[in-house]
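Trainee: Take a look at the following structure, please.
The values are calculated or read from the model by the stated rules, or taken from the named source; none is laboratory data. This structure is a prediction, so every number in the text was calculated from the model and none was measured. Because the Cβ atoms are built from the backbone with ideal geometry, glycine has one as well, and the counts that use them run over all protein chains shown.
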């Protein structure tokens, strides 16, 4: 898969965290302090150490939040994990047409199936409204 696409969601999620916002602001202040110290040639070591420390902490925090987000996406009203049930297949219009390894989607009295993931169930224009993906078996 495309690395840029794969890291976009965890990165945007990490950057929406308040701690990360504060660290980014502190990093900007440290950059300004470093530039000011270099221009006045006083306190260059202190400014450089502050810049390096805040920058390193910000990078580690963003990396940790990206790893945590990638491992367990947050459950929301519109996003979550479906756990398969152990109930018999209800009667549906796909009986006899679907392969044995098919994933069924029931919406009211309508049914569809797929064997490829991720699968968009509902799309309006270019917006995917309902998409399902498979995690493991």
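Trainee: Within the range 122-132, track down each residue that is over 19 Å from residue 111 (Cβ atoms) and surrounded by 10 or more Cβ atoms within 10 Å (Cβ to Cβ). Spell out how you get there, then give the answer.
Mentor: At the first step, the residues of the range 122-132 found to be over 19 Å from residue 111 (Cβ atoms) are 124-128.
Hit for the range 122-132 is 128, nothing else.
Trainee: Surrounded by 15 or more Cβ atoms within 10 Å (Cβ to Cβ), on the phi < 0 side of the Ramachandran plot, modelled with pLDDT of 75 or more and in contact with a helix residue (DSSP H, G or I) (Cβ under 9 Å, 6 or more places away or on another chain): does that describe residue 58?
Mentor: Numbers: surrounded by 15 or more Cβ atoms within 10 Å (Cβ to Cβ): yes; on the phi < 0 side of the Ramachandran plot: yes; modelled with pLDDT of 75 or more: yes; in contact with a helix residue (DSSP H, G or I) (Cβ under 9 Å, 6 or more places away or on another chain): yes.
In short, yes.
Trainee: Keeping to the range 82-121, report how many residues are under 18 Å from residue 136 (Cβ atoms), surrounded by 13 or more Cβ atoms within 10 Å (Cβ to Cβ) and touching a residue at least 24 places away in the same chain (Cβ under 8 Å).
Mentor: 1
Trainee: Okay, next question. Exactly one condition in (1) modelled with pLDDT under 75; (2) closer than 26 Å to residue 117 by Cβ; (3) within 12 Å of the chain's Cα centre (by Cα) is not met by residue 16; state its number.
Mentor: (2)
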